[in-house]
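Notes follow the structure.
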Amino acid sequence: MDLKNMGYNEKRKLAGNPSTPEDVLRDLAQDEYWGVRWRVAKNSSTSLGILRDLAKDGSASVRATVAENPSTPVDVLRALAKDEHWGVRESVAKHPKASSKLLVMLFEYEKSLREPVNDVILALYHNDNCPEFIKSVIKTLFGEIL
């Protein structure tokens, strides 16, 4: 397969296909276009190793999509919970497999910021795994956004 001579749309389609072989996904995960890397991050067949690499991508959209992928391991979610981009942190807060411990850590991080992001706080509040004591604190500190 000659990825170098493929067009952008062909690469995106290949990157999103669950039947694409891992070695091809690995190459596509290093593509110059973030849209191709985003599709690899979204692909349900992307290996843990590739997801780990994409969690360090320069594009916040790619990192946020890694945080949304159901296969992303907890240690990667933990690292993404302190990402500089709020959209990545929001994706971690929405992840259905985020543990209560991880959500508490994310809340503490968000609360420590000069300007906590309402979308992240809301995502934490609405995650079923968020402990009730954190939801109570959110109601107290951020009740106006609920």
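Remark: the chain carries a charge dipole of roughly 140 debye about the Cα centre, counting +1 on each Lys and Arg Cβ and -1 on each Asp and Glu Cβ. Assuming R0 = 25 Å, can you tell me the calculated FRET efficiency for the pair Glu144 and Lys82, based on Cβ-Cβ distance, to the nearest 0.05? Between Glu144 and Lys82 the formula returns 0.45. Pairs of C-alpha atoms in the range 81-146 farther apart than 21 Å represent 9 percent of all such pairs.
The alpha-carbon of Lys11 sits under 17 angstrom from the alpha-carbons of these lysines, leaving out residues fewer than 8 places away in its chain: Lys42.
Placing unit charges on the Cβ atoms only, positive for Lys and Arg and negative for Asp and Glu, gives the range 1-72 a dipole magnitude near 200 debye about its Cα centre. Between 0 and 90 degrees, the angle of helix 100-112 with respect to the longest Cα principal axis of the chain falls at about 70 degrees. Between (i) 1.09; (ii) 1.26; (iii) 1.15, which entry matches Cα Rg over 2.2 N^0.38 Å as derived from the coordinates of this structure? The listed entry that was calculated here is (iii).
Full extension of the chain between Gln30 and Val104 yields a length gain of 23.3 nm, computed as 0.36 nm times the residue separation minus the alpha carbon distance. Look at the dipole of the chain built from charges on Cβ: of Trp34, Asn127, Ala15, the Cα furthest out on the positive end belongs to Asn127. Mark the label point 7 Å from the Cα of Val117 along Cα→Cβ and return the residues of the range 126-146 whose backbone N is within less than 17 Å of it. Residues 126-127 fall inside that zone. Against the chain, whose longest principal axis comes from its Cα atoms, helix 132-142 is set at around 80 degrees. Annotation for the range 58-146: trypsin sites (Lys or Arg not before Pro) lying in DSSP loop with at most 16 further Cβ atoms inside 10 Å of their Cβ are Lys82, Lys97, Arg114. Both radii were evaluated on the Cα set of the range 1-72; the Rg over Rh quotient, with Rh as the Kirkwood radius, amounts to 0.92. Cross-link pairs exceeding 32 Å in C-alpha to C-alpha distance, out of Lys56/Lys135; Lys82/Lys139; Lys13/Lys135; Lys4/Lys82; Lys13/Lys101, comprise Lys13/Lys135; Lys4/Lys82; Lys13/Lys101. For the range 31-43, 3J(HN,Hα) computed residue by residue from phi via the Karplus equation (6.51, -1.76, 1.60; θ = phi - 60°) reads 5, 5, 8, 4, x, 6, 5, 4, 5, 5, 4, 7, 5 Hz, glycine and proline entered as x.
Quick note: the coordinates plus some simple rules give every number you see, no bench work behind them. Here the structure is a predicted model, which is why all the values come from computation and not from measurement. No Cβ is skipped: glycine too gets one built from the backbone with ideal geometry, and neighbour counts run over all protein chains shown.
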